[in-house]
Amino acid sequence: MSDVRNLLISGSEKVIGHYRVLLAGARSESERALYHARIEREQRLLDDLRGGVPERSAA
């Protein structure tokens, strides 16, 4: 499960990076608001992934 979580975390970080690039080039206030909202949403998802259920070893 760790591999899947790490993949999702990596993907979320990349998505946030892409939205930050788009935010930097936004031409209108509505575009900026849209990208900012998407960054916040993705950041919440990322925080959930990082604070998710601890991994358990099969002992």
*With every protein chain left in place, what is the accessible area of Arg41 in Å² (1.4 Å probe, nearest 10)?*
130 Å²
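Kindly state, to the nearest 0.05, the FRET efficiency for Glu13 paired with Ala33, given R0 = 35 Å and r defined as their beta-carbon distance.
Values: r = 22 Å, r/R0 = 0.63.
The formula returns an efficiency of 0.95 here.
The values are calculated or read from the model by the stated rules, or taken from the named source; none is laboratory data. Computed from a prediction, not measured in an experiment: that's the story for all the values here. Heads up, the Cβs are rebuilt from the backbone with ideal geometry, glycines too, and the neighbour counts pull from every protein chain shown. When the accessible area is computed, the model is the full protein with side chains, heavy atoms only, and any ligands, DNA or RNA have been set aside. Shrake-Rupley method; radii C 1.70, N 1.55, O 1.52, S 1.80 Å.
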